[in-house]
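**Q** For reference, the structure I am asking about is given below.
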Amino acid sequence: MTTLLVNLFGLGLMAWIVWYFWLYEKKGTAASEVGGAQEVRIRVKGGYDPDVIVVKAGKPVRLHFTREEEASCSEMVLFDDFNRSAQLPPFQEVTLELTPQQPGEYGFQCQMGMLRGKLIVEA
């Protein structure tokens, strides 16, 4: 009986891991419009929060990053598809502005590629 329970628990744990890491898709945080631009505040601490951001194409986007740690990995954020980057000093807000023209999904990351996020641009 104990073996059966351990096996069932193990199978359940494996199913949860598969769902969480490969099947679960985050909906994203929609940017709010302020003065004609779309704005989102992003907390940087062991990752980006939120890490999935939804914006509209053709409108300016202001991303306000606040780095709440001193880990070297989070010193910079890169938006390779837009050829943009920003230094993120600890405990300061840094605003990065861009205007995505084409709908699609665009990744952003730290300089080491360990912290990742996604900008979803809708028509």
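Read the figures in this text as sums done on the coordinates, not as results from a lab. Computed from a predicted model, the values in this text were never measured in an experiment. Virtual Cβ from ideal backbone geometry, glycine too; neighbours counted across all protein chains shown.
**Q** Which cross-chain or sequence-distant (5 or more) residues have an amide H under 5 Å from the amide H of Thr29, H modelled 1.01 Å from N in plane?
**A** Val52, Ile53, Val54
**Q** Where the only charges are on Cβ atoms (+1 Lys, Arg; -1 Asp, Glu), what is the dipole of segment 27-122 about its Cα centre, to the nearest 20 debye?
**A** Dipole size: approximately 180 debye.
**Q** Identify, among Val94, Gly117, Leu5, the residue whose Cα sits farthest towards the positive end of the charge dipole of the chain, taking +1 on the Cβ of Lys and Arg and -1 on the Cβ of Asp and Glu, with the dipole about the Cα centre.
**A** Leu5
**Q** Also, quick follow-up: What per residue convex hull volume, in Å³, do the alpha-carbon atoms of the chain yield?
**A** Residue-normalised Cα hull volume stands at 127 Å³.
**Q** Between Gln111 and Arg43, what is the label-to-label distance in nm when each label sits 7 Å out along the Cα-to-Cβ direction?
**A** Those two pseudo-labels are separated by 2.5 nm.
**Q** What number do you get for segment 56-104 when its Cα radius of gyration is normalised by 2.2 N^0.38 Å, N = residues?
**A** Segment 56-104 yields a ratio of 1.26.
**Q** Can you pull out the GluC sites (Glu not before Pro) in segment 21-123 that DSSP calls coil and that have at most 15 other Cβ atoms within 10 Å?
**A** Filter output for segment 21-123: Glu25, Glu68, Glu69, Glu70.
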